[in-house]
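Beneath this line is the structure, given in structure tokens, with notes to follow.
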Amino acid sequence: MGCMRRRCSGDRCRTWIGRSGFLLVFAIFTIPCWLLACLTELPCWAPRSAERLRRRGRFMARAVWAGWSLAMRLCCWLRVDWSGVEPLRQKAGLVGRGVFLCVNHQSFLDT
């Protein structure tokens with residue numbers, strides 16, 4: 001018996017391409033932030049005070065947020081369901097405290 005190659009069926013092939021594309025886009029937008037975090041941890045550049053550490057943390061969080069937001073917009077094949085979020089947006093943070101939102105989701109990233 002010769003070597004039998006499995007051909008990629010339509011749905012399986014599109015799924016594989018979509019997942020690979022998603023991974024590639026997120027890697028492209030995550031690696032620069034990771035490298036920047038590694039570089040700023042070098043001893044000669046390390047922040048000394050607690051305020052500088054907080055400032056660096058806020059900057060890194062914004063950089064990752066910006067990169068991932070752009071990555072999500074570039075992955076046009078992803079569907080995002082925002083149903084039920086509007087009441088949370090209207091009331092979140094009204095008491096003057098920060099808000100932590102933890103969302104239960106289902107995706108291939110969980111597996």
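The values are calculated or read from the model by the stated rules, or taken from the named source; none is laboratory data. As the structure is a prediction and not an experimental result, all values here were calculated from the model. Note that we place each Cβ from the backbone using ideal geometry, even for glycine, and neighbour counts take in every protein chain shown. Note: accessible area is taken over every heavy atom of the protein model, side chains too, but ligands, DNA and RNA are not part of it. Shrake-Rupley method; radii C 1.70, N 1.55, O 1.52, S 1.80 Å.
From the list Arg79, Arg52, Arg58, which residue is loosely packed, with under 11 Cβ neighbours inside 10 Å and part of a helix (DSSP H, G or I)? Talk me through it step by step, then tell me what you get.
On the way: Arg79 fails: part of a helix (DSSP H, G or I); Arg52 fails: loosely packed, with under 11 Cβ neighbours inside 10 Å.
It is Arg58.
Picking from Pro32, Pro43, Pro47, which residue would you name as being surrounded by 11 or more Cβ atoms within 10 Å (Cβ to Cβ) and at pLDDT below 75? Quick ask: steps written out before the conclusion?
Numbers: Pro32 fails: at pLDDT below 75; Pro43 fails: surrounded by 11 or more Cβ atoms within 10 Å (Cβ to Cβ).
Checking each option against the conditions leaves just Pro47.
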What single numbered condition from (1) under 27 Å from Arg19 (Cα atoms); (2) modelled with pLDDT of 85 or more fails to hold for Arg58? (1)
List pairs: first residue in the range 77-101 and touching a residue at least 40 places away in the same chain (Cβ under 8 Å), second residue outside any loop (DSSP other than H, G, I, E, B) and open to solvent by 100 Å² or more (accessible area, probe 1.4 Å) anywhere in the structure, Cβ distance under 9 angstrom, at least six positions apart or on different chains. Trp77/Arg14
